[in-house]
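Throughout, read-outs are computed from the coordinates displayed, never taken from laboratory work. All of these numbers come straight from a predicted model, not from anything done at the bench. With ideal geometry, Cβ positions are generated from the backbone for all residues, glycine too; neighbour counts draw on all protein chains shown.
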Amino acid sequence: MAVIGFSRIRPMMYQDQITRNPVNRKHFVIPKGTVHFIPERCKACTYCWHFCPKDMLEESSAINAMGYHPPAVKEGMEDSCIACGMCETVCPEFAIYIEEANDRERAH
Amino acid sequence: MIQGKGHPKDAFLRSERLPHIWCPGCGIGIVLNAYLNALALSGIPREEVVLISGIGCTARLPGYANADSYHTTHGRSIAFATGMKIANPKLHISLISGDGDLFNIGGNHIMHAARRNIDLNVICVNNFNYGMTGGQHGSTTPAGSVTASSPYGNLEQSFNLPYMMKAMGASYVSRWTALHVRQLTRSIAKSFTVRGFSFIEVLSVCPPNFGKDNGFADAYAQMQYFREHCEIDNNADLHNAGVTFSGDRPIILGDFYHKTRPTFHDIEREIIERVRVDR
Ligand code: SF4
Ligand code: SF4
Ligand code: SF4
């Protein structure tokens with residue numbers, strides 16, 4: 001089983017800014033991901049949207065059976081996910097996960 | 001929104017039991033997630049993995065893992081695991097329990113398991129109080145902290161767990177928080193390869209009890225405290241690495257200590273062989 005975000009070396013990024021720029025940066029690819037939700041498990045702890053480095057998630061207005069508002073992707077940011085896996089790893093409820101896309105964008 | 005068909009960890013979970021029992025924002029679910037990630041990384045076959053716990057919020061964790069798991073009596077998980085490891089040394093035994101279970105009720109057991117260097121992987125989720133029973137103070141509650149049973153501030157000094165476990169003879173000692181998920185995952189994966197007693201402390205959040213009583217408005221506020229106040233120092237002087245939430249000192253994290261020495265099982269085997277030859 002693939003474990004997201006452990007094995008690959010990437011440029012260090014925080015909120016779209018490259019904080020450390022390796023000399024061989026053009027050899028790196030920025031991965032792309034799609035966010036999947038299992039809203040019925042979410043307890044709205046807020047971690048996924050607070051700790052996403054792309055700030056692309058938010059609390060939605062939907063409401064689940066336990067009465068919580070699960071997250072959703074912000075409008076217009078559907079293509080922003082870099083498959084870093086932070087939301088997936090920090091979610092205590094196994095309610096969000098990422099599928100990494102095969103066609104990766106070249107970093108310029 | 002893309003509705004997920006199944007979480008990649010579902011195969012490792014008793015997913016029919018989700019949502020689990022823990023409060024919103026509780027760090028224990030994150031530790032379970034990190035543990036399953038580490039298990040996947042390590043490639044250990046599931047038949048060789050055993051999870052054992054005692055009593056408390058964290059002690060519910062093995063019940064959600066799709067592997068052999070045992071929920072034992074309060075504080076006695078180490079004794080249970082010691083017997084199991086001696087009977088079947090091939091097993092990878094992980095003991096995941098809370099600070100109350102491992103260090104208050106079970107303090108005597110954990111001390112001696114480290115001294116004897118029993119080959120166990122102990123993960124102690126430290127939420128700084130007795131969460132399940134309503135937030136009473138215990139041996140890990142930082143001095144001055146408010147809990148249900150220390151309303152004017154805890155008058156006792158708390159245990160510094162990595163310092164204590166290193167002194168007791170553990171082979172591997174590290175400390176992370178529920179926010180340091182990647183480092184935690186690596187440490188758990190490493191502990192699977194350590195021969196001897198390994199100890200990982202995970203500083204966790206308990207929003208409705210310890211968090212609420214100590215000025216953290218919500219779960220995120222305590223996680224944010226970890227983000228702002230933790231310092232990673234693998235060579236830290238553990239004597240000075242006690243945890244405080246007073247904001248004036250950093251919380252020290254790291255992969256503190258790893259030294260191999262003969263395990264209880266090594267010596268036991270050696271003695272058995274010697275005695276057999278002598279006869
Ligand atoms: S981290 Fe998980 S439980 Fe928390 S808000 Fe996000 S999806 Fe919900
Ligand atoms: S993997 Fe999660 S945390 Fe990382 S960019 Fe994508 S949505 Fe954000
Ligand atoms: S009481 Fe605290 S430790 Fe127990 S489940 Fe709730 S948040 Fe977690």
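Before moving on, here are some points about what is shown:
- The range B:210-220 - residue that is of a type in the set (Gly, Ala, Ser) and within 13 Å of chain A (Cβ to nearest Cβ) and, of those, surrounded by the fewest Cβ atoms within 10 Å (Cβ to Cβ): B:Ala217
Residue by residue, here is whether (1) surrounded by 18 or more Cβ atoms within 10 Å (Cβ to Cβ); (2) closer than 24 Å to B:Val146 by Cα; (3) out of contact with any strand residue (DSSP E or B) (no Cβ under 6 Å at 6 or more places or on another chain) holds:
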position: B:Gln222; (1), (2), (3): yes, yes, yes
position: B:Cys230; (1), (2), (3): yes, yes, no
position: B:Asn235; (1), (2), (3): no, no, yes
position: B:Ala241; (1), (2), (3): yes, yes, no
position: B:Phe256; (1), (2), (3): yes, no, no
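- Exactly one residue out of B:Arg249, B:Arg261, B:Arg227 is among the basic types (Lys, Arg) and touching a residue at least 60 places away in the same chain (Cβ under 8 Å): that is B:Arg261.
- Complete set of residues in the range B:204-245 that are more than 16 Å from ligand 1 (Cβ to nearest atom), of a type in the set (Val, Ile, Thr) and within 20 Å of B:Val181 (Cα to Cα): B:Ile232, B:Val243
- Top-ranked residue of the range B:1-13 - restricted to ones that are more than 7 Å from every other protein chain (Cβ to nearest Cβ) and over 20 Å from A:Ala65 (Cα atoms), ranked as nearest to ligand 2 (Cβ to nearest atom): B:Asp10
- Residue in the range B:191-209 that is nearest to ligand 2 (Cβ to nearest atom), counting only those that are within 14 Å of chain A (Cβ to nearest Cβ) and surrounded by fewer than 24 Cβ atoms within 10 Å (Cβ to Cβ): B:Pro207
- Restricting the range A:69-85 to residues that are of a type in the set (Gly, Ala, Ser) and in contact with a Lys or Arg (Cβ under 8 Å, 6 or more places away or on another chain), the residue that is nearest to ligand 2 (Cβ to nearest atom) is A:Ala83.
- Residue check for A:Ala72: exposed (fewer than 15 other Cβ atoms within 10 Å of the Cβ), touching an Asp or Glu at 6+ places or on another chain (Cβ under 7 Å) and small (Gly, Ala, Ser): no
- Considering A:Val73, A:Val29, the condition of being more than 9 Å from chain B (Cβ to nearest Cβ) and more than 9 Å from ligand 1 (Cβ to nearest atom) is satisfied by A:Val29 alone.
- Within the range B:81-93, residues that are under 22 Å from B:Leu36 (Cβ atoms) reach partners that are assigned to a loop (DSSP other than H, G, I, E, B) with beta carbons closer than 7 Å, at six or more positions or on different chains, in the pairs B:Ala81/B:Leu120; B:Met84/B:Leu91; B:Lys85/B:Leu91; B:Lys85/B:Ile118; B:Lys85/B:Asp119; B:Lys85/B:Leu120; B:His92/B:Ile44; B:Ile93/B:Leu120.
- Top-ranked residue in the range B:21-39 [being outside any loop (DSSP other than H, G, I, E, B) and away from ligand 2 (no atom under 16 Å from the Cβ); ranked as nearest to the other protein chains (Cβ to nearest Cβ)]: B:Gly29
- Answer from B:Ser150, B:Ser94, B:Ser171 - the residue that is more than 16 Å from ligand 1 (Cβ to nearest atom), touching a Gly at 6+ places or on another chain (Cβ under 7 Å) and away from chain A (no Cβ under 14 Å): B:Ser171
- Matching residues in the range B:191-220 - criterion: being in a helix (DSSP H, G or I), within 16 Å of ligand 3 (Cβ to nearest atom) and aromatic (Phe, Trp, Tyr): B:Phe210, B:Tyr220
- Any hit, the range B:134-156, residues being within 17 Å of B:Phe192 (Cβ to Cβ), surrounded by 24 or more Cβ atoms within 10 Å (Cβ to Cβ) and away from ligand 2 (no atom under 16 Å from the Cβ): no
- Single condition B:Ile188 does not satisfy, out of (1) out of contact with any strand residue (DSSP E or B) (no Cβ under 8 Å at 6 or more places or on another chain); (2) assigned to a helix (DSSP H, G or I): (1)
- Total residues in the range A:39-67 satisfying the condition of being within 16 Å of ligand 3 (Cβ to nearest atom) and surrounded by fewer than 21 Cβ atoms within 10 Å (Cβ to Cβ): the figure is 2.
- Counted residues, the range B:46-88 - those being among the charged types (D, E, K, R), more than 20 Å from B:Glu16 (Cβ to Cβ) and touching a strand residue (DSSP E or B) at 6+ places or on another chain (Cβ under 7 Å): 2
- Any hit, the range A:95-107, residues being near ligand 1 (Cβ under 9 Å from one of its atoms), more than 12 Å from the chain's Cα centre (by Cα) and of a type outside the set (Val, Ile, Thr): yes
- Any hit, the range B:240-259, residues being aromatic (Phe, Trp, Tyr) and farther than 20 Å from B:Asn154 by Cα: yes
- Failed criterion for B:Arg227 (all others in (1) away from chain A (no Cβ under 13 Å); (2) within 16 Å of ligand 2 (Cβ to nearest atom) hold): (1)
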